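Structure first, then comments.
The values are calculated or read from the model by the stated rules, or taken from the named source; none is laboratory data. Just so you know, these numbers come straight off a predicted model, no measurement behind them. Cβ: placed from backbone, ideal geometry, glycine included. Neighbour counts: every protein chain shown.
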Amino acid sequence: AVKQMGGLRFIACCDRNEVVLKKYAGTFGLVAYADAEALVEKERPDIVIIATPDELHCAQAVYCAARGCHLLIQKPFAMNADEAARIIEAVGKAGVKAKSCQNYRYTSKLEKAKALIDSGRIGEVKYLRVGSPASPFWTPQNWNPKRGLEWHLVHNGMHQFDYLLWMLGACPRLVYSNWHPGQDWLATAEYIQVFMEM
């Protein structure tokens, strides 16, 4: 995507997996780093794309913002409200911009749904319901046992929260949730219901 955009030059990448790092850097002709801080300090990029595990987003965003980097942060923006506030404060203090990747907004069916709502063609929206499966790609081999009960809701649910609030142009006044666990090895709330009153 970066290669296809005008006015940007893709210069460096970072990954802890040496095999992945070498392949990716070689494919795109990038300077390779095993350490993110070293990349930022040496290359001084204008923009950093943070696509690391969710738990690392806050610390890395604050670090990069303090060094004058604009941020494109893979969702979720942060793991909780306190982390989000820390990022927002760091971005404001540094005078840089930050955006979370919310790719569902750009799917044609959701763009059409928002256009219908905004036009008033379907009348006043009183109720929206959305369902989503949990991530089928998590296995006991690649699951991080440090992740808490809230992880699935924050990681997967972030898409649904974002596009529902975007379509309605509002923030919730009241949120109610219940859950129950799934498989024994998956130490998180796998089945979740969330009700939001706008």
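For this structure, a couple of remarks:
- Of the residues making up the range 64-88, those that are at pLDDT 95 or above, within 21 Å of Asp162 (Cα to Cα) and in a helix (DSSP H, G or I) number 7.
- The requirement of being out of contact with any strand residue (DSSP E or B) (no Cβ under 8 Å at 6 or more places or on another chain) and of a type outside the set (Val, Ile, Thr) is not satisfied by Ser100.
- Elements of type helices (runs of 4 or more DSSP H) in the range 91-198, at least 1 residues being of a type in the set (Val, Ile, Thr): 108-119, 151-155
- Single condition Gly148 does not satisfy, out of (1) under 20 Å from His57 (Cβ atoms); (2) exposed (fewer than 10 other Cβ atoms within 10 Å of the Cβ): (2)
- Screening the range 93-144 for residues that are among the aliphatic types (A, V, I, L, M) and without any contact (Cβ under 8 Å) to a residue 12 or more places away in the chain and picking the one that is farthest from Leu56 (Cα to Cα) gives Ile122.
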